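For reference, the structure is listed below as structure tokens.
The values are calculated or read from the model by the stated rules, or taken from the named source; none is laboratory data. All of these numbers come straight from a predicted model, not from anything done at the bench. We place every Cβ from the backbone using ideal geometry, glycine too, and count neighbours over all the protein chains shown.
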Amino acid sequence: MTGAAGTGMARPAPFRLVSLLILLTLLFGALGVWQVHRLAWKEALIARVERMIAAAPTGLETLPDGPLDGIAYRRLRVSGTYLPEGTALVTGTSTLGSGYWVLVPLRENGGRIVYVNRGFVPAGTRLAGQRKAVPAGPVTVVGLLRVSEPAGTWLRDNVPTQDRWYSRDVAAIAARRLILADPRLFVDAQVETPSPAGASPVAGLTVVQFPNSHLAYALTWFALAVMCVGGAIVVWRKAG
């Protein structure tokens, strides 16, 4: 009688453990399925961006009036004249090290103004020198559409009053320079015609890379789910 009673009282603990393992199995399985969906979304995003980068460049007139997030990295061609007084240096890094991105507004022949990231210059570069180096005549730029980067980075905020920029916040830069540029975007220059004099700024350094570890995450969650199922079976058998 004592042994039977003791066994009956011991069953709730294994039952609770089995229930917990089943709940964890459902949770880990759901997380695995979510990562599978994320994998499909990321692969579709990468394929779309690769198509846009490989496509022939189009003009600004082809852009929609609203948000541009869905067409970031589309190739664009813009022709017009730079406005050197609107030049700004934005702190950044590239494959060449630390330095600045040189953003200059370009007035298209039709009057529309868009900021162009002419390229990268090393740390220590002076704004006045970059303004003087801006081409005075008509230019044509082929590059990638990039969406404005408001506020700053997660480490440092832009300080417009001190002309310190850590992200390419077109709206804030244009407002600081009193330039009526399209606040939604800038163009990452790949080719500028005529070619800029001198060795800088260096264009064509845009890194288009999307981390894609969703398959590894999915396999990890599914493996944990399988382990929980195995653990539940072992606990249930031992309790029986």
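Points to keep in mind about this one:
- Positions within the stretch 188-214 being under 20 Å from the mean Cα position of the chain (by Cα) and among the hydrophobic types (A, V, I, L, M, F, W, C), in sequence order: Ala189, Ala203, Leu205, Val207, Val208, Phe210
- Total residues in the stretch 49-70, condition assigned to a helix (DSSP H, G or I) and surrounded by 15 or more Cβ atoms within 10 Å (Cβ to Cβ): 3
- Exclusive hit being in contact with a helix residue (DSSP H, G or I) (Cβ under 6 Å, 6 or more places away or on another chain), free of Cβ contacts under 8 Å to residues at least 40 places away in the same chain and surrounded by fewer than 17 Cβ atoms within 10 Å (Cβ to Cβ), set Pro160, Pro211: Pro160
- Taken together, the criteria place Pro138 among residues that are over 19 Å from Ile173 (Cα atoms) and over 26 Å from the mean Cα position of the chain (by Cα).
- Flag for Ala151 being under 22 Å from Ser98 (Cβ atoms), surrounded by fewer than 16 Cβ atoms within 10 Å (Cβ to Cβ) and at pLDDT below 95: yes
- Checking each residue in the stretch 76-93 for being assigned to a loop (DSSP other than H, G, I, E, B) and more than 16 Å from Asn109 (Cα to Cα) picks out only Thr87.
- Taking the stretch 113-169 as the range and being more than 28 Å from Thr58 (Cβ to Cβ) and among the acidic types (Asp, Glu) as the test, the residues that pass are Asp157, Asp163.
- Hits in the stretch 154-178 (condition: aliphatic (A, V, I, L, M), farther than 17 Å from Arg118 by Cα and either touching a Cys at 6+ places or on another chain (Cβ under 9 Å) or at pLDDT 95 or above (or both)): Val159, Ala171, Ala172, Ala175, Leu178
- Arg107 being in contact with a Pro (Cβ under 8 Å, 6 or more places away or on another chain), of a type outside the set (Ser, Thr, Tyr) and touching a residue at least 24 places away in the same chain (Cβ under 8 Å): no
- Residue identified as touching a helix residue (DSSP H, G or I) at 6+ places or on another chain (Cβ under 9 Å), over 19 Å from Val202 (Cα atoms) and buried (at least 17 other Cβ atoms within 10 Å of the Cβ) among Arg74, Arg107: Arg74
- Only a single item in (1) assigned to a strand (DSSP E or B); (2) touching a residue at least 24 places away in the same chain (Cβ under 8 Å); (3) closer than 29 Å to Asp163 by Cβ is not met by Tyr73, and it is number (1).
- For the stretch 172-198, the set of residues classified as more than 13 Å from Gly86 (Cβ to Cβ) and surrounded by fewer than 16 Cβ atoms within 10 Å (Cβ to Cβ) consists of Val191, Thr193, Pro194, Ser195, Ala197, Gly198, listed by residue number.
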